[in-house]
Amino acid sequence: MAVIKKKKEKGLPAVNTSALPDIVFMLLFFFMVATVMREVDLKVSVNKPQATEIQKLERKSLVTYIYAGSPRVNYQDKFGRSARIQLNDAFATIDDVQAFVIQERETKSEEDRPMMTMSIKADKSVKMGLISDIKLQLRKAQALKINYSSLQPKDVEALYSSEN
Amino acid sequence: MARNKRAIPEINAGSMADIAFLLLIFYLVTTTMDTDKGINRKLPPWDEELVEDPPPIKERNIFTVLVNSNDQLLVEDEYLEISQLREKAMEFIDNNGDGSCVYCKGYKVTSSSDNPDKAVISLQNDRGTSYGMYVKVQNELVAAYEDLREKYAEEEYGKSYRGMDSDEDKDVIKVIKSAYPQKISEAEPLNIGG
């Protein structure tokens, strides 16, 4: 009798949490493997265009990004609303592109340099004038492999509708 | 005996989970998962002096695509919707006007291209064209070539071109690509409706 009474007083036993670190570590390793470090802090808003004939960029280390779009809301009073170029973490002008590409090329190893790809991440509302200027600068800098960053559309029919 | 037992106390692992959580949250915040995809293109090399006499190409072997600043298309002097562009381009590439292309299914119209090897698509846009439209046009033109290659692969090899492995079917892909070589030429943009 006395023994049973004692047990009742204890109430619910504590949940065993000794496997919790294992679970969390598993999640941690998953995220370490499946994700990549965020490269830059985006200062322009980029709403990528949609396309179906897209290919994956294979070697991330060989890809250099050029962003173009209108500045984000918190930068608008300083930089205006018209489309700007962003290289690395800062706004840039069209004249900086060539030097930027050459400087980026220097960081790659000799045999990788011809495989360097420039990924143009531009907002779909950006005018082609700006993109053409970027392309001309890239040609001058001998960076000829480019990639127009786009998204796979969820609904292919929507590609042909007039609003986007 | 009692002393011996106390000599190696168990390490308290209770805060292990906290440390792991901290690391996990750090990775969640600083990394992204988005994969980079896009349309691959190659730019022509820059030449200081303009080539004085570009090699003459017959008018019928050129498929002109113009995009104005209102994102409207003019294809072969005809107003066209973007949804019709792929079909028109395929008709042009696959036309086989001189009959030298044995695998082509074109209509052999005399006013359209001689064979896929000679057919050139010329794309010109305005400086005011939106980038979204430009990518859409590029996409349709690339898709036209890819669709033709797909058809060719299905007939010649009985398998899908898009589903081919880039290492395993290297030689096959090469043959298919040379059957329909992608020739898209871009002219300097106009500046009319800036």
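No lab work stands behind these numbers, since they all come straight from the coordinates. Note that this is a predicted model, so its numbers are computed, not measured. Quick reminder, even Gly has a Cβ in these numbers, built from the backbone with ideal geometry, and neighbours come from all protein chains shown.
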Which cross-chain or sequence-distant (5 or more) residues have an amide H under 5 Å from the amide H of A:L151, H modelled 1.01 Å from N in plane? A:Q50, A:A51
Output the antiparallel fraction of DSSP beta bridges having both residues in chain B, as a percent to the nearest 5. 40 percent
How large is ³J(HN,Hα) for each residue in the range B:154-165, as worked out from phi by the Karplus curve 6.51 cos²θ - 1.76 cosθ + 1.60 (θ = phi - 60°), to whole Hz, x for Gly and Pro? 4, 6, 7, 10, x, 9, 6, 5, 5, x, 6, 8
Ranked highest first by the average count of other Cβ atoms within 10 Å around their residues, in what order do A:110-117, A:145-152 fall? A:145-152, A:110-117
Checking rank on A:81-89, A:123-131, with mean other Cβ inside 10 Å and highest first, the result is A:123-131, A:81-89
Taking placed amide H atoms and a strict 5 Å upper bound, the residues 5 or more places from A:S70 or on another chain that come that close are A:S45, A:R84
Please name whichever of A:T93, A:Q50, A:M116 sits farthest to the positive end of the charge dipole of chain A, dipole taken about the Cα centre and charges placed at Cβ: Lys and Arg +1, Asp and Glu -1. A:Q50
Take the Cα atoms of the range A:1-121, find their three principal axes, and give me the spread along each one in whole Å, biggest first. 90, 44, 31
Taking each residue of A:123-136 in turn, how many C-beta atoms of other protein chains fall within 10 Å of its C-beta, and what is the average? 6
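On average, how many beta carbons from a partner chain sit within 10 Å of the beta carbon of a residue in A:24-36?
Details: counts 9, 7, 2, 6, 9, 3, 2, 8, 4, 0, 3, 7, 7.
For peptide A:24-36, the averaged partner shielding equals 5.
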Charges on Cβ only, +1 for Lys and Arg, -1 for Asp and Glu, centred on the Cα centroid of the protein assembly as shown; of B:G97, A:I66, B:S111, which one is farthest towards the dipole's positive end? A:I66
Quick one: 3J(HN,Hα) in Hz for the range B:89-101, Karplus 6.51/-1.76/1.60 with θ = phi - 60°, rounded, Gly and Pro as x. 5, 5, 4, 5, 5, 8, 4, 6, x, 9, x, 7, 9
Can you pull the mean other chain C-beta count within 10 Å for peptide A:14-22? 3
Amide H contacts under 5 Å for B:F63, restricted to residues at least 5 apart in sequence or on another chain and with H modeled in the peptide plane, are B:V120, B:I121, B:S122
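Cα-Cα pairs above 26 Å in the range B:60-186: how many percent?
In whole percent, the share of Cα-Cα pairs in the range B:60-186 beyond 26 Å is 25.
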Sparse-neighbourhood loop sites, GluC sites (Glu not before Pro) in the range B:81-134 - DSSP loop, at most 15 other Cβ within 10 angstrom: B:E81
Could you work out [θ]222 nm for the protein assembly as shown from helices alone, using -39500 (n - 2.57) per DSSP H run of at least four and dividing by all its residues? Round to the nearest 500 deg cm²/dmol. -10500 deg cm²/dmol
Per q in 0.14 1/Å, what log10 I(q)/I(0) does a Debye calculation on the alpha-carbon atoms of the protein assembly as shown return? -1.30
